[in-house]
Amino acid sequence: MRGGQGAAWAPVLQFTNCRILRGGALLREDLWVRGGRVLDPEKLFFEERRVADEQRDCGGCILAPGFIDVQINGGFGVDFSQATEDVGSGVALVARRILSHGVTSFCPTLVTSPPEVYHKVLPQIPVKSGGPHGAGVLGVHLEGPFISREKRGAHPEAHLRSFEANAFQDVLATYGSLDNVRIVTLAPELGRSHEVIRALTALGICVSLGHSVADLGTAEEAVQSGASFITHLFNAMLPFHHRDPGIVGLLTSDQLPPGRRIFYGLIADGTHTNPAALRIAHRAHPQGLVLVTDAVPALGLGNGRHTLGQQEVEVDGLTAYVAGTKTLSGSIAPMDACVRYFLQATGCGVESALEAASLHPARLLGLEKHKGTLDFGADADFVVLDDCLRVRATYISGELVWQAEVAGQ
């Protein structure tokens, strides 16, 4: 019924005693919801002469748009890069479990894998609306295999690829159908990459630059070809240098197409990115900052050995490594923890920290009219937070899908 025929007759919910994140500010207003969407109360009063059918007291909490995670490799023992017979049930389990962390939409992420894995897994992860069953799937993020050997990080070298003569046909042969794909991370210094970037963006797929040794000029050319995102800034790329700042330099580049904004992912887990680096990025380009978890299947499981695609991962405390090495292998921090750490590390406002996990990823994907906002007409996907930004409840389409008290927390 969400926003469709019959929505006008759906019950009206009024969330009271709350602060709503709207337009970059926390406003002491009520949130009105009907038919899965945020409602303008003035139209309700003056045009329909209706009041709320039900009021819910939020106890002074913050109501923020639901978090959107555009880079998550799995969690709770589920590995999205494993070609199992029932990939869908694993995605569903993660979708359900991340509700407790305020995530209402996500992009399941596959790391570098052999073609047969993509061919088997991708058709099993369709775009799907969120609800009581779990967070919505916005499309898959393919991180690799068209990346730099030198900056491959935790990606298995044996399965890395470069673009062949018929570059885009090579992409299709590697991945199979792109119907369920939303983001592709690639290294722009690879030959024929600009041809691929143009072809992917023409299909509405977001191209991200990462796992790369590109200099700034190469990165700027990639953005001019259509790339709009940077995968986990600072990690798996050349370090900033004052004579050639590399991909990091895109944050302040004057060579971007007019009206275009570059977005960049940051892993604020206390391990991947030093607090000073978080502050530098935020102060240089706050409107492009997108918090990502880069969570691995070990999320929620604790110490021990786990998988990430074709590799084995070892978790020690708060850090995940490729087994037998000191190479970082994704994160084990959930999104709400990343939001809290980012707030504490940067000293930014609560509003900025929350928008980095909601509005900014929505803008990256062109969804800001419906997701990442509590403006009138938007999907009523939101998270209820206390003053310490701990999740108290999660709603999708105005429906309660997770609550701390019910879960015994």
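Structure values in brief
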item: Among SER329, SER208, SER129, residue whose mean-square fluctuation peaks in a GNM of the chain (springs only between Cα atoms under 10 Å); result: SER129
item: Accessible carbon and sulfur surface of the chain relative to its total accessible area, %, 1.4 Å; result: 49
item: DSSP beta bridges in the chain [antiparallel fraction, %, rounded to 5]; result: 55
item: Cα-based radius of gyration of the chain once divided by 2.2 N^0.38 Å, which approximates compact folds; result: 0.97
item: Nonlocal amide H pairs with THR109, under 5 Å, H built at 1.01 Å; result: ILE72, ASN73, GLY74, HIS141
item: Taking region 177-290 and dividing mean pair separation by its residue count, relative contact order in percent (alpha carbons under 8 Å, at least six apart); result: 22
item: Solvent-accessible area per residue for the chain (1.4 angstrom probe, square angstrom); result: 40
item: Expected 222 nm ellipticity per residue - DSSP helices of 4 or more, -39500 (n - 2.57), all of the chain, to 500; result: -6000 deg cm²/dmol
item: Accessible surface ranking that places the most exposed of LYS128, LYS120 first, with a 1.4 angstrom probe; result: LYS128, LYS120
item: Among 391-398, 19-26, 57-64, the order from most to least packed when residues are scored by Cβ within 10 Å on average; result: 391-398, 57-64, 19-26
item: Sequence ranges 284-294, 39-49, ranked by mean other-Cβ count within 10 angstrom, highest first; result: 284-294, 39-49
item: Computed over region 256-409: relative contact order in percent, which uses C-alpha pairs under 8 Å that are six or more apart; result: 17
item: Note, ³J(HN,Hα) from phi for region 68-74, Karplus 6.51, -1.76, 1.60, rounded to Hz, x at Gly and Pro; result: 10, 10, 8, 8, 9, 8, x
item: Cβ charges +1 (Lys, Arg) and -1 (Asp, Glu), total dipole of the chain, debye; result: 300
item: Most fluctuating residue given options VAL78, VAL296, VAL127, as computed from a GNM of the chain linking Cα atoms under 10 Å; result: VAL127
item: Candidate lysines for bridging to LYS120, where Cα separation is under 20 Å - those fewer than 8 sequence places away on the same chain excluded; result: LYS128
item: Max mean-square fluctuation residue, GNM over the chain, Cα-Cα springs under 10 Å, options GLU368, GLU116, GLU220; result: GLU116
item: Cross-link partners of LYS326 among aspartates and glutamates (Cα-Cα below 14 Å; sequence separation of 8 or more within a chain); result: GLU312, GLU314, ASP316
item: Global geometry of region 325-409, whether rounded, prolate or oblate, following the gyration tensor of its Cα atoms and the 1.5 cut on a/c; result: oblate
item: Contour minus Cα-Cα distance for ALA83 and ASP375 (0.36 nm per residue); result: 101.2 nm
item: Straight-distance crosslink candidates among aspartates and glutamates, where the alpha carbon sits under 18 Å from LYS369 and sequence neighbours closer than 8 are dropped; result: ASP40, ASP69, GLU355, ASP379, ASP381
item: Selected from THR307, CYS348, ALA323, residue furthest toward positive end of dipole (the chain; charges at beta carbon); result: CYS348
item: 5 angstrom amide H check on TRP402, placed H, neighbours 5+ away; result: THR394
item: Label-point separation in nm, THR271 to GLN55, each point 7 Å along Cα→Cβ; result: 4.7
item: Value of relative contact order over the chain, rounded to a whole percent, pairs C-alpha under 8 Å and six or more apart; result: 20
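The values are calculated or read from the model by the stated rules, or taken from the named source; none is laboratory data. What you are looking at is a predicted structure, and each value in this text was computed from that prediction instead of being measured. All Cβ positions, even for glycine, are placed from backbone atoms using ideal geometry, and neighbour counts span all protein chains on display. Calculation scope for accessible area: heavy atoms of the full protein, side chains included, ligands and nucleic acids excluded. Shrake-Rupley method; radii C 1.70, N 1.55, O 1.52, S 1.80 Å.
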